[in-house]
Amino acid sequence: MITGSSDNSAPGNGRTGPAIGRLFLLLLLLPFLFVRSMAAEDLLSTLSARAEKLDSMAGTFTQEYKISVLPLPLISKGEFLYQRQTGMVWTTLEPVQSRLTINRDGIYMDDAGSDKPALSQPQLGETLLALFSGDVQTLTSLFEIKATGSVDDWQLHLVPRNALVAAQIDAIDISGREVVQSVTIADASGDNTRIRFTTVEKTFLDD
């Protein structure tokens with residue numbers, strides 16, 4: 001009987017051993033996986049609380065738009081001003097001057113000296129403000145978010161929840177320290193936009 005039970009030629013025996021081994025390994029790692037998940041949740045909570053206190057920030061940006069059919073990216077530079085109550089003014093200085101005002105009512109363009117709505121969808125304006133300010137609470141309602149890093153050097157990977165958005169955007173990556181430092185948007189078409197921020201000045205509500 002003992003000899004028979006140790007027969008390696010028994011049907012399924014070649015798979016049972018490795019399967020049990022993987023299960024045992026999973027049980028050993030489970031506490032560490034749980035700690036890692038909790039750490040990610042804590043990071044999101046901390047970033048969300050910080051974003052709620054951000055009152056204003058201003059600085060410069062460099063935007064690289066990589067089109068899949070072109071060998072070199074299209075680069076634009078300019079200035080931005082974010083204010084919690086009023087939204088963001090996005091001023092492109094080169095290669096062509098333009099200005100966008102982004103608030104919770106939508107996006108407004110001022111290219112020729114007169115303000116007029118360019119994109120009036122409120123949700124788009126709200127989403128862009130959340131991306132630039134690191135508003136995790138708003139972003140969580142629109143994207144699946146994976147957080148990595150630490151409070152002082154963090155990264156967020158966003159995947160759209162909405163199928164219509166997913167048809168246009170594959171993913172968004174945001175990185176930052178005290179405030180957002182870069183946003184990378186990967187289009188479903190294969191194009192890629194990366195915006196890097198240099199913050200000159202920032203204020204928080206409890207300053």
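The values are calculated or read from the model by the stated rules, or taken from the named source; none is laboratory data. Model, not experiment: these values are computed from the prediction. With ideal geometry, Cβ positions are generated from the backbone for all residues, glycine too; neighbour counts draw on all protein chains shown.
Below are the figures for this structure:
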{"quantity": "From the options Arg36, Arg50, Arg84, residue that is of a type in the set (D, E, K, R), within 28 Å of the chain's Cα centre (by Cα), at pLDDT below 50 and at negative phi", "calculated": "Arg36"}
{"quantity": "Given (1) within 27 Å of Gln123 (Cβ to Cβ); (2) free of Cβ contacts under 8 Å to residues at least 60 places away in the same chain; (3) touching an Asp or Glu at 6+ places or on another chain (Cβ under 6 Å), number of the condition Lys77 does not satisfy", "calculated": "(1)"}
{"quantity": "Subset of the range 87-97 that is modelled with pLDDT of 90 or more and part of a strand (DSSP E or B) - its residue that is farthest from Thr199 (Cα to Cα)", "calculated": "Glu94"}
{"quantity": "Some residue of the range 140-155 being loosely packed, with under 14 Cβ neighbours inside 10 Å, in contact with a Leu (Cβ under 9 Å, 6 or more places away or on another chain) and touching a residue at least 24 places away in the same chain (Cβ under 8 Å)", "calculated": "yes"}
{"quantity": "1 or more residues closer than 20 Å to Ile75 by Cβ and of a type outside the set (Ser, Thr, Tyr): qualifying strands (runs of 3 or more DSSP E) within the range 127-192", "calculated": "169-176, 180-187"}
{"quantity": "Output for the range 49-72, where each listed residue is more than 20 Å from Val136 (Cα to Cα) and without any contact (Cβ under 8 Å) to a residue 40 or more places away in the chain", "calculated": "Val69, Leu70, Pro71, Leu72"}
{"quantity": "Exclusive hit being modelled with pLDDT under 85 and of a type outside the set (Lys, Arg), set Leu158, Leu129", "calculated": "Leu129"}
{"quantity": "Set Val159, Val179: member being buried (at least 16 other Cβ atoms within 10 Å of the Cβ), of a type in the set (Val, Ile, Thr) and in contact with a strand residue (DSSP E or B) (Cβ under 6 Å, 6 or more places away or on another chain)", "calculated": "Val179"}
{"quantity": "Sole residue being at pLDDT 90 or above, out of contact with any helix residue (DSSP H, G or I) (no Cβ under 8 Å at 6 or more places or on another chain) and among the small types (Gly, Ala, Ser), chosen from Ser68, Ser141, Ser76, Ser114", "calculated": "Ser76"}
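Let's see how each residue does on (1) of a type in the set (D, E, K, R); (2) assigned to a strand (DSSP E or B); (3) touching a His at 6+ places or on another chain (Cβ under 7 Å); (4) more than 15 Å from Ile195 (Cα to Cα):
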| residue | (1), (2), (3), (4) |
| --- | --- |
| Val69 | no, no, no, yes |
| Leu72 | no, no, no, yes |
| Gly78 | no, yes, no, no |
| Arg99 | yes, yes, no, yes |
| Tyr108 | no, yes, no, yes |
